[in-house]
Amino acid sequence: SCAPAQGTSSGGAVPFTVTLTKGIAGFGMNLTPDNVVVAIKPGSEAAACGLIQPGDRVLHLNGQAVSVDEPVKSFAIDLADGAAATFSLVRHADADSAGGAAHIPVVDGS
């Protein structure tokens, strides 16, 4: 039930949007205080979706910007079980990604 709306960016970060349904145990993501995914719970909505990965950062929940002061859980707690929620996330390109990642040369001062 997750509907991706893939974005494109030339800056190495890839924005994307998924819609998940809140289950009894939430959406199935463990997040850091600054809304970065650290784990996906097996059998959860997020796991079934298959698009969200550890390291992805949640930017918005249902169009509301999230932050350290107003994290995802502060908005998600008000959603009823069975409610659909749209997450806007961004995935940062890393050294393991295939192509497109910018490599900054290290300049030695000697």
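The values are calculated or read from the model by the stated rules, or taken from the named source; none is laboratory data. Just so it is clear, the model here is predicted, and its values are computed rather than measured. So basically every Cβ, Gly included, is an ideal-geometry build from the backbone, and we count neighbours across all protein chains shown. Just the protein is used for accessible areas: all its heavy atoms, side chains included, with ligands, DNA and RNA removed. Shrake-Rupley method; radii C 1.70, N 1.55, O 1.52, S 1.80 Å.
Tabulated data for the structure shown
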quantity	calculated
Efficiency of FRET between Ala83 and Asn30 - r from beta-carbon atoms, R0 22 angstrom, step 0.05	0.65
Accessible surface, per residue, of segment 16-100 when the full set of protein chains is kept, probe 1.4 Å, Å²	54
